[in-house]
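So the structure is just underneath, and the comments pick up after that.
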Amino acid sequence: MHRTESPLIAVAVCLAALAGFVDAFAFTSLGGFFASFMSGNTTRLGVGLGQGIGGEAAVAAGLILSFVGGVIVSSVLVRAAGHRHKVAVMGAVTLLLTLAAIVATVMPGPLVLVLLAAAMGAENGVFNRDGEVTIGLTYMTGSLVRIGQKLAGALMGDRDRWSWVPYLALWLGFLAGVASGAASQLRWGWDALWLAALIAAALTVAIARLTGAGRSIPAEAAP
């Protein structure tokens, strides 16, 4: 990540904030389930199975499957769109978030969360190299591990003493998105999802302008 172009790092931070916004909305609206944090949903699945709470296990399993489905969609788009995959993937994310906002308007409930999980799974395909995700946008454990590793390297005299900063920015972006999502859900309820869809659309336009029509996109360095 530290060798990714600066404008794209800024985009990655904004996308992490979008993921945090959506995750907080899902968590506060639908009983503590997650749209992007699949470790949390896996825990709820295990607890549901262990304690015989079938409804909770079914919801968690559905969200995990939806997230994986979103990853599959983005992976197909990455291969099909080539160097324009960032715009294609973000178009899919915007579409899924818009569908979630529409469904939330007419029939709020678990189906909304399923669409949100698919959108967050797809978002992870934005930064992709050779079929592998180069910047994790919807889960922050890896970023925190990188912060610790890079800080340890700085303390031991590594030449690049500031390589931990982009990972900190990513984590802070996610945190800011969570706070904004929780506040927006409290103020506007289900209508807050329209804000997430608008943000995704704006980021799609920004990515299209940064990458340039028909211009080759530089490969991101693995984090």
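The values are calculated or read from the model by the stated rules, or taken from the named source; none is laboratory data. Note that the structure is predicted; figures quoted are calculated from it, not measured. Neighbour counts run over all protein chains shown; Cβ positions are idealised from the backbone, glycine included.
Which one of GLY148, GLY181, GLY142, GLY153 is at pLDDT 90 or above, in a helix (DSSP H, G or I), surrounded by 14 or more Cβ atoms within 10 Å (Cβ to Cβ) and on the phi < 0 side of the Ramachandran plot?
Residue meeting the stated conditions: GLY181.
Let me confirm something: among SER66, SER39, SER75, which residue is part of a helix (DSSP H, G or I), in contact (Cβ under 8 Å) with a residue 60 or more places away in the chain and hydroxyl-bearing (Ser, Thr, Tyr)?
Testing whether each residue is part of a helix (DSSP H, G or I), in contact (Cβ under 8 Å) with a residue 60 or more places away in the chain and hydroxyl-bearing (Ser, Thr, Tyr) leaves just SER39.
Kindly provide the set of residues from the range 12-33 that are in contact (Cβ under 8 Å) with a residue 60 or more places away in the chain, out of contact with any Phe, Trp or Tyr (no Cβ under 8 Å at 6 or more places or on another chain) and not in a helix (DSSP H, G or I), ordered by number.
Listed by number, the list holds a single entry, LEU30.
Which numbered condition in (1) of a type outside the set (S, T, N, Q); (2) more than 16 Å from the chain's Cα centre (by Cα); (3) surrounded by 13 or more Cβ atoms within 10 Å (Cβ to Cβ) is the only one that LEU175 fails?
For LEU175, the failing item is (2).
Yes or no: LEU8 at pLDDT 90 or above and in a helix (DSSP H, G or I)?
No: the conditions fail for LEU8.
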